[in-house]
Amino acid sequence: MKPKVDCILLVDDDEDCNFFHERLINKMQCAGRVETVLTGYDALDFLKTSVNGEHPRPNLILLDINMPGMDGWSFLYEYNKLSEDQKAQIVVVMLTTSLNPDDKKKAEADPNVGAFANKYLDEESLMNILKANFPQFN
């Protein structure tokens, strides 16, 4: 049986990107489930939702930087205010198509960001992220 994380949350306003990443994750069989939202607001709502007194805590959040309304940076600002039981269990990965080196520096400065990557992820880049953050993938 392949190693898996319980849940990966995709946060991207680009439905094609979400579709592609969901298919990649399913093909690699690296997550028990994939949740998809189109805005930072929806991602915060998802993390704040309580079912039977517990919040969904994805192990990994793939977060687009450039989204309308609430971009990835604004999401991180609000995410940092969440209680520990509402935050993801491990890591937020900032995804971008930007070549701006300031984005990478800003991401590296946030303790909740575990990686910075260019969209679209491929099997190798996703596996590198998983190996760097989850011991079961090594």
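The values are calculated or read from the model by the stated rules, or taken from the named source; none is laboratory data. Not measured: the values here are computed from a predicted model. Glycine gets a Cβ as well: all are built from the backbone with ideal geometry, and neighbour counts include every protein chain shown. Areas reflect the complete protein model, heavy atoms only, side chains present, ligands, DNA and RNA absent. Shrake-Rupley method; radii C 1.70, N 1.55, O 1.52, S 1.80 Å.
Is it the case that PRO58 is modelled with pLDDT under 95 and either touching a Pro at 6+ places or on another chain (Cβ under 6 Å) or surrounded by fewer than 18 Cβ atoms within 10 Å (Cβ to Cβ) (or both)? In short, no. Counting residues in the range 91-109 that are under 14 Å from the mean Cα position of the chain (by Cα), surrounded by fewer than 19 Cβ atoms within 10 Å (Cβ to Cβ) and either under 30 Å from ASN52 (Cα atoms) or of a type outside the set (Ser, Thr, Tyr) (or both) gives zero. If you go through the range 116-138 and keep only what is part of a strand (DSSP E or B) and open to solvent by less than 20 Å² (accessible area, probe 1.4 Å), you end up with just ALA117. For the condition among the β-branched types (Val, Ile, Thr) and open to solvent by 60 Å² or more (accessible area, probe 1.4 Å), VAL5 does not qualify. Do we have ASP14 as open to solvent by less than 10 Å² (accessible area, probe 1.4 Å), among the acidic types (Asp, Glu) and out of contact with any His (no Cβ under 7 Å at 6 or more places or on another chain) here? The answer is no for ASP14. State all residues of the range 12-66 that are part of a helix (DSSP H, G or I), in contact with a Phe, Trp or Tyr (Cβ under 8 Å, 6 or more places away or on another chain) and free of Cβ contacts under 8 Å to residues at least 60 places away in the same chain; if no residue qualifies, say none. Of everything in the range 12-66, those that are part of a helix (DSSP H, G or I), in contact with a Phe, Trp or Tyr (Cβ under 8 Å, 6 or more places away or on another chain) and free of Cβ contacts under 8 Å to residues at least 60 places away in the same chain turn out to be GLY40, ALA43, LEU44, LEU47. Screening SER74, SER98 for residues that are out of contact with any Leu (no Cβ under 9 Å at 6 or more places or on another chain), among the hydroxyl-bearing types (Ser, Thr, Tyr) and farther than 29 Å from GLN29 by Cα leaves exactly one candidate, SER74. Scan the range 63-90 for residues that are open to solvent by less than 80 Å² (accessible area, probe 1.4 Å) and at pLDDT 85 or above and the total you get is 16.
The set of residues from the range 65-80 being acidic (Asp, Glu) and over 14 Å from the mean Cα position of the chain (by Cα) comprises just one member, GLU78. On inspection, LYS27 does not qualify as over 19 Å from ASP64 (Cα atoms), surrounded by 13 or more Cβ atoms within 10 Å (Cβ to Cβ) and basic (Lys, Arg).
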